[in-house]
1. For an R0 of 51 angstrom, estimate the FRET efficiency from the Cβ-Cβ distance between residue B:346 and residue A:287 and round to the nearest 0.05.
2. At what distance in nm do the modelled label points of residue A:16 and residue A:429 sit from each other, each positioned 7 Å from its Cα along Cα→Cβ?
3. By how many degrees, 0 to 90 and rounded to 10, does the Cα axis of helix A:25-45 deviate from the longest principal axis of chain A?
4. Determine ³J(HN,Hα), in whole Hz, for all residues of the stretch B:167-173 in sequence, where each value follows from phi through the Karplus function 6.51 cos²θ - 1.76 cosθ + 1.60 and θ = phi - 60°; x replaces Gly and Pro.
5. Using a Cα-Cα cut-off of under 18 Å, which aspartates and glutamates could be cross-linked to residue A:415, ignoring same-chain neighbours fewer than 8 residues away?
6. At residue B:224 and residue A:414, where each label point lies 7 Å from the Cα along Cα→Cβ, what is the point-to-point distance in nanometres?
7. Assign unit charges at the C-beta atoms only (+1 for Lys and Arg, -1 for Asp and Glu), then state the dipole size of chain B relative to its Cα centre in Debye, rounded to the nearest 20.
8. Among A:462, A:291, A:206, which residue has its Cα furthest toward the positive end of the charge dipole of the protein assembly as shown, with +1 on Lys/Arg Cβ and -1 on Asp/Glu Cβ?
Amino acid sequence: MLSEELVDLSRLQFAITAMYHFLFVPLTIGMTWILVIMESAYVMTGKTIYKDMTRFWGKLFGINFALGVTTGITMEFQFGTNWAYYSHYVGDIFGAPLAIEGLMAFFLESTFIGLFFFGWDRLSRKQHLLVTILMAVGTNLSALWILIANGWMQNPVGAEFSYVTMRMEMVDFWAVLFNPDAQAKFVHTVSAGYVTGAMFVLSISAFYLLRGRDVEFARKSFRIAAAFGFASICSVIVLGDESGHPVGEAQQTKLAAMEAMWETEPAPAGFNLIAIPNEAEMKNDFAIEIPWVMGIIGTRSLDQQIPGIKEIREKNRERILSGQIAVGALEKLRKNPADAETKALFEQHVGDLGFGLLLKKYVVDVGTATPEMIEKAVADTIPRVAPLFWTFRLMVGFGFLMLALFGAALWYSIKGNFADKPWLLRAALWMLPVPWLSCELGWFVAEYGRQPWTIYGVLPTHMSVSTLSVGSLYGSLAGFVGFYTLLLVVEMYLMVRFAKQGPGSLGTGRYDNEYAHA
Amino acid sequence: MLFDYPTLKLIWWLLVGVLLVGFAIMDGHDMGVGTLLPFVGKDDVERRIVINTVGPHWDGNQVWFITGGGAIFAAWPLVYATAFSGFYWAMLAVLWALFFRPVGFDYRSKINNPTWRQTWDWGLFVGGAVPPLIFGVAFGNLFQGVPFHFADNLMPYYTGSFWALLNPFALLCGVVSTAMITFHGAIYLMHRTEGAVQRRTQTAMLVFGSLLLLGFSAAGIWLWQGIDGYAIVSAVDAGALPNPLDKEVIRQPGAWLANYDKAPLTMVLPALAYAGTLAAMLLAVNRATLAAFVASSLAIVGVIGTAGASLFPFVMPSSTDLRSGLTVWDSVSSQLTLNIMLWATLIFMPLIIAYTGWAYKVMAGKVTAAYIRENDHAAY
């Protein structure tokens, strides 16, 4: 059996490196379209200021992009280095979108980003705009394929287990591609990226306006960010609601946990605005409930029930017992593939194989699992409620806060007097970190909410890791933390420095703060 | 159109080879330039010249590495799982060395401070020199067999240590690989520079080209005389569902050269390594640098092709549990996945080559001191 410490360290390393990577990704995703908008304005109007906007915001985009690339390399290889059994077990399905991402999207993005920065004097205006658009398309396609891969972890469609190869195998590529979980996740996630890009431009422009610097440049940037940001935050909220619509079982479990819904309530269920979940007794010590809302959001109906945690647990107990038979049969079948009777038994229970594997955390020979072990495995099937309940509410709260900000920013942009509203500019400046916090909280809900699985219902997290020594994990974890801290310090230093200097850093002679090349 | 399973397994062996060669040619010349950077650029302007020869392209070229990783994940999941977790510290060393590249390229010239810039120059050196060294060492270990085995449920267990990877033969392979990449980078750099930088680079090119020829010959002799190969002795059913435990393997002196007897045409590969390197050296000295780049690319095809053809059908033999050794027949994905991935590659690879070519065309020409001065704020 794999030690719990090894599993926990592997999870911690993945969580740290993934969440760190996602500090840079959303800004890249959002900025690409903002650059396209600015450069389109340049090509259409011929006004140099739009070119300068594209170049200056592009410069900040580049500083961010460098770390996105750096930390992305880790992600592409970490499945192999630290999640070897996972890679073997689901590589047949999971590897394909990652490889196609490289071929279809990342090559496009990375090749054209070079021309975006260096091609200004060598390309016609229209050619350069095309380069910028292709860079944006590549970036967004990249997100699509990664989220198809991630969506499959939440809702593993289009695949079957093969006892000969001991792994999941793809049977329907289109099902993997058009997985409703993946599609909802994609639009929600890229929209969150657009919001991040918009907030970045909005905040820094507000900073210039508050200082009375580079006013024309900042005004134009602010308006673009306000309009783009408002559209994007609406999309995040509407499509986030769509991804809360539970299509698969994984989402049902996640939904019940993040709503602290212990009981299956008569339809339409109420929504716990605030609650103090009590995991030990499986109830809420305190709750403020809004009637009907949960049922309507979750089922789009007034009469369908949403299963509560207790009901899900009961179903899972049955699946674990059935899975126990599947694991036993599989182990026999591996020794004697010709045994037709065992094969029939296995095929009857193969759908619950993953649930049987949950017992492997407690016992090697799952056939000998005690009732206590089975109870523990049942309890494992529900992620911890309180962290999900609160992170989800915080994320949603931030979403509505940003809706208010972008709403006000757009309103006063249309009226044309936003630059005379210091409260608005200050709010925009101080809310700069909010989209990043929301993105990280969102990923926490998505990934923590899928536990104890790496692939819902198929492969438990504790079986997915590489058989490395705990010492190796401590070493690599220390290395990643050290490198990433150093890189973050360097990146923030440059970002703050160039953001503060503003468009003067282009050295065109047209802006404030035009000191000699630092 | 869908291909049958044995054909697909062979095609994917070739395609992984193509991706590896593509990586070595494209990302390789950037890495070679990085390795040479502190030595051929004597002042800041010269170093910026060197960096800007690859400035617009390194990022796109690095995707060969990322896509190579993704393709191995998709096509050879067992290799991806076993090799990357087994070679854990070697992989991390590659990743951490690569960290220096994006930040080194993008951040170096944003601050005009000699210490800052020199630090990133050495960072780019590490990012250029360490990955090819480690890839070479890894290949050297593949020839000797890697200490790993599978449990019944195909959970891979690696039982060696990181330090055992650094044995003399593997280190020699590391030298060959680094020499090849640096040589190739030097030729690219000669193509894009002039004057003093080009002269210094020529010296480096001749040194690394000679080192490549010597190292490649030495490794070949060593492989022939001193390293036992591996051979499958049970019947191979190429169309079977992949199961690496379902075969019998023996260790045998000279087995790594057996393919050259069986298919004499494969002798073209080592010949290409020699001919390509020699031709590239000659052409570069005569300033036919573009032709030299083609020749050194062919040399890379020869060197990597020689390694692949010698190992075939093995990808990663096991030294401790011989039957666990991974081959092109039994470490692959399902037929459906291989088919889908093949079509994805056939559709997108020509597009990638086309727009990459266009990007090089747009940025073509020598990078000069005047260019750096005029683009002080925008260039790397």
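Every number in this text was worked out from the coordinates using simple rules, so none of it is lab data. All of these numbers come straight from a predicted model, not from anything done at the bench. FYI the Cβ positions are ideal-geometry reconstructions off the backbone, even for glycines, and counts take in every protein chain you see.
1. 0.35
2. 3.5
3. 30
4. So the J values, rounded to whole Hz, are 8, x, 5, 5, 5, 4, 4.
5. A:216
6. The answer from the label model is 8.1 nm.
7. 960
8. Farthest towards the positive end: A:206.
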